[in-house]
Amino acid sequence: MKKLTAYVRPDNTVTIICPSCEFVIQLSAAQYRKQAHDPEIECPLCRERTIVSLDFRSYYRKETDLPGTYKVVDPPGGDSGVAEIKNISQTGIGFIAPKWHDLQKDQILELNFHLDNKMNTHLIKRARICSVEEEYIGCAMIHLKEFETELGFYLLP
C-alpha cells in the first residue's frame, strides 16, 4: 500500500491526488485532528487504498542537513554533544543526536548552528524537547520573537 503526505490547510481541508489514477480528492481533515494522523483513504474512482499522513503544522518546516551542537541548560549540568539539524520551522526544530545521548522529554536545550545561506547566519536557539525517538529529537522553540527575520527568509520555499 502506498503512503502519501498531505498538508492540511487552516480551514481543515486537504487535497489528495490518488497515486494510481490521479483523481483529485478533497477531504475534511477535522475528524483526524484528535486521533491518528495516518488514515487509510479509498479513492472513490479506482478504489485504490492509500495511507495518508496528515500534516497539521501551522508553519512550513524546511528539511535541512546542518551541523551544530546542543547543550542541556535545564536541568543544569545536563548532556551536550554534536547535533545534525534535520528540519527547522519558525516554531520547531528536529535533530539527530549521538546514539549514546541522555536527552529526555521536557529538558531545555541550547542549540548552536549556522544556516547554509549566503551569510552563513549563526543562530543560538533555546528549545524544549517534545519527543525522543532513539537518535531523533523533536523540539519546540522557546523565547520566540514575533517573526525572526533571518530564519524567516531562510524558510521561504
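In this structure, does Leu103 turn out to be touching a helix residue (DSSP H, G or I) at 6+ places or on another chain (Cβ under 8 Å) and of a type in the set (A, V, I, L, M, F, W, C)?
no
Could you list all residues from segment 79-110 that are within 19 Å of Phe153 (Cβ to Cβ), in contact with a Phe, Trp or Tyr (Cβ under 6 Å, 6 or more places away or on another chain) and part of a strand (DSSP E or B)?
Across segment 79-110, the qualifying residue is only Ile85.
Only one residue in Leu66, Leu27 is more than 22 Å from the chain's Cα centre (by Cα) and surrounded by 15 or more Cβ atoms within 10 Å (Cβ to Cβ), so which one is that?
Step by step, each of Leu66, Leu27 is checked, and only Leu27 is more than 22 Å from the chain's Cα centre (by Cα) and surrounded by 15 or more Cβ atoms within 10 Å (Cβ to Cβ).
If the Cβ limit is 8 Å and pairs must be 6+ apart or interchain, which residue in segment 40-54 that is under 12 Å from Ala6 (Cα atoms) and in contact (Cβ under 8 Å) with a residue 24 or more places away in the chain pairs with which residue that is exposed (fewer than 12 other Cβ atoms within 10 Å of the Cβ) and among the aliphatic types (A, V, I, L, M)?
Pairs found: Thr50/Met1; Ile51/Met1.
Looking at Leu45 and the list (1) within 21 Å of Tyr136 (Cα to Cα); (2) hydrophobic (A, V, I, L, M, F, W, C); (3) in a loop (DSSP other than H, G, I, E, B), which single condition is not satisfied?
Only one criterion is unmet by Leu45, namely (1).
If I filter segment 81-128 down to residues being among the β-branched types (Val, Ile, Thr) and more than 20 Å from Glu63 (Cβ to Cβ), which single residue comes out as surrounded by the fewest Cβ atoms within 10 Å (Cβ to Cβ)? Break it down stepwise before answering.
Applying the first criterion (among the β-branched types (Val, Ile, Thr)) to segment 81-128 yields 82, 85, 88, 91, 93, 96, 108, 121, 124.
Then drop every residue that is not more than 20 Å from Glu63 (Cβ to Cβ), which leaves 108, 124.
Values: Ile108: 17, Ile124: 10.
Only one residue tops the list, namely Ile124.
Look through Ile85, Ile25 and report the one residue that is touching a Leu at 6+ places or on another chain (Cβ under 8 Å) and at pLDDT 85 or above.
Only one candidate qualifies: Ile85.
Which residue is surrounded by the most Cβ atoms within 10 Å (Cβ to Cβ), if the candidates are limited to segment 1-21 and must be among the polar types (S, T, N, Q) and over 17 Å from Pro44 (Cβ atoms)?
Asn12
Does Lys34 count as among the charged types (D, E, K, R), exposed (fewer than 14 other Cβ atoms within 10 Å of the Cβ) and either touching a Leu at 6+ places or on another chain (Cβ under 6 Å) or part of a strand (DSSP E or B) (or both)? Even if it seems obvious, please write down each step before you answer.
Working: among the charged types (D, E, K, R): yes; exposed (fewer than 14 other Cβ atoms within 10 Å of the Cβ): yes; either touching a Leu at 6+ places or on another chain (Cβ under 6 Å) or part of a strand (DSSP E or B) (or both): no.
In short, no.
The values are calculated or read from the model by the stated rules, or taken from the named source; none is laboratory data. Note that the coordinates shown come from a computational prediction; the quantities given were computed from them, not determined experimentally. Positions of Cβ are generated from backbone atoms using ideal geometry, with glycine treated the same way; all protein chains shown enter the neighbour counts.
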